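Below you'll find the structure, written out as structure tokens, and then a few comments.
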Amino acid sequence: MARRSGPLSGEVTVPGAKNAVLKLMAATLLADGRYELSNVPAIDDVATMGDLLAALGVTSHIDPQRRDVLVLENHGSIVPEAPYDLVERIRASIVVLGPLLARCGVARVSMPGGDDFGKRPIDMHLKGLEALGATFELRRGYIEARAEALHGADITLDFPSVGATENIVMAAVLAKGATVIDNAAREPEVADLCHFLNAMGACIEGIGSPTLYVHGVPQRDLQAAEHRVVVDRVQAATYMAAVAACQGEVVVRGAQAEHMEMFIRRLREMGVQFTAQTDGVLVYADDRRLRSLDVQTLPYPGFATDYKPLIVTLLTVADGVGIVTENLYPGRFRYVEELQRLGADIRTDGHHAVVRGVASLDGAPVRAPDIRAGAALVVAGLMANGETVISDVHHVDRGYDDLVGRLSSLGADIERVR
Ligand code: UD1
């Protein structure tokens, strides 16, 4: 339950990124040994991925002394079968396909589930892995994959897909020869995975650029490693948006401004002030009304689709009209109906949402349709008059580490109710 709040003040520390840690966990399938991942967020998806890895033969536990450290152990007895009941809970689980194929030469992975926003195909994952020598059959909801020996290849992705890039890189790490991936995704979480793989003994160049060069290494050259998970830019953006919504001055500790350039640029245009610090970003918003603007989502370094519900929420009370265009997921406007329940004036037409700023929102019961939209509805609740009760918050727990505790520590009037 959230009530109108602000101004916010103080400091909030942002944990590691969901979209990085899940892939780092999958990468531990590639080599035996004991891994330590630090800055791991306490989120449900990490537990779910842990369950999936346990079924595949990699055990994991949180270090009781250091709660942000996840220890994973690969003893070399991998069972390359990812069952439906685990895979359907989390879309990111499809990234076990590349490492399983590379390690075992065979894999049987259920077709993925995860967030329900529009069609999320995996054709680019399969095409890329086929180029490396894999063959696939789809049988009764399962992808049955085979590869006698993976070999390097030149691959150009039709679109810089995050998951496809990650799957192909993880398979290419153990392929014979060199792989070039053109039009690769450049998201900081993809770069984080590549750095981790290099720490394990892989040889990846061009990290953070649209062309990745992967020089395959023999299995014996890969070993377990330690790694600190990159800070979550979407959680960081959520706290920044909360300041924009409620006013105030907050240090978002850990936030890396260079990973969030487009988000910060757009919020600056709306009237929010940012100062990069050595270990974080200071965010300041005064009592002047936010200004509207137009935004379109694009692959990194463009404005991330995961930020979109936050900006739409801020636009609902900004001065003027903003047009938000979704270029990645056609169906990702479901939370609009929930914002309308709070009094927002939004019209959607295909990929576009036209948001006409109103003077204020009014609290009401709403439902979180997915992780990002759920967090945005929390921000909306903090600026709406009266009380907003947000249900289905289990979606938010998938990707946010103590959102309620962190927001309350900044002075937000929010509590978790059963
Ligand atoms: C990842 C993130 C998600 C983020 C998204 C885009 C994780 C766990 N999730 O998802 O939070 O919103 O990146 O930044 O890291 N596509 C195809 N064929 C494919 C693969 C993708 O058509 O084989 C399409 C998708 O349907 C979508 C677009 O490409 O329209 C982007 O998808 P992709 O970059 O692959 O996102 P994910 O890795 O699924």
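The values are calculated or read from the model by the stated rules, or taken from the named source; none is laboratory data. All values derive from a computational prediction rather than experimental measurement. Note that each Cβ is placed from the backbone with ideal geometry, even for glycine, and that neighbours are counted across all protein chains shown.
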Positions within the stretch 289-315 being farther than 18 Å from residue 358 by Cα and either among the β-branched types (Val, Ile, Thr) or away from the ligand (no atom under 14 Å from the Cβ) (or both), in sequence order: 295, 297, 305
Taking residue 377 as the residue in question, decide whether it is part of a loop (DSSP other than H, G, I, E, B) and crowded, with 18+ Cβ neighbours inside 10 Å. no
Quick count over the stretch 332-371, residues being in contact (Cβ under 8 Å) with a residue 12 or more places away in the chain and not in a loop (DSSP other than H, G, I, E, B), is 17
Filter pass, residue 207 being in contact with a helix residue (DSSP H, G or I) (Cβ under 6 Å, 6 or more places away or on another chain), modelled with pLDDT of 95 or more and closer than 18 Å to residue 20 by Cα: yes
Identify, please: which residue in the stretch 316-331 is within 16 Å of the ligand (Cβ to nearest atom) and part of a loop (DSSP other than H, G, I, E, B) and is, among those, farthest from residue 183 (Cα to Cα)? 331
Can you report the number of residues in the stretch 55-114 which are away from the ligand (no atom under 16 Å from the Cβ), in a loop (DSSP other than H, G, I, E, B) and under 25 Å from residue 41 (Cα atoms)? 10
In the stretch 23-69, residues that are buried (at least 21 other Cβ atoms within 10 Å of the Cβ) and farther than 19 Å from residue 403 by Cα total 17
Which of the residues belonging to the stretch 139-152 are surrounded by fewer than 20 Cβ atoms within 10 Å (Cβ to Cβ), under 20 Å from residue 99 (Cβ atoms) and in contact with a strand residue (DSSP E or B) (Cβ under 9 Å, 6 or more places away or on another chain)? 142, 144, 146, 149, 151, 152
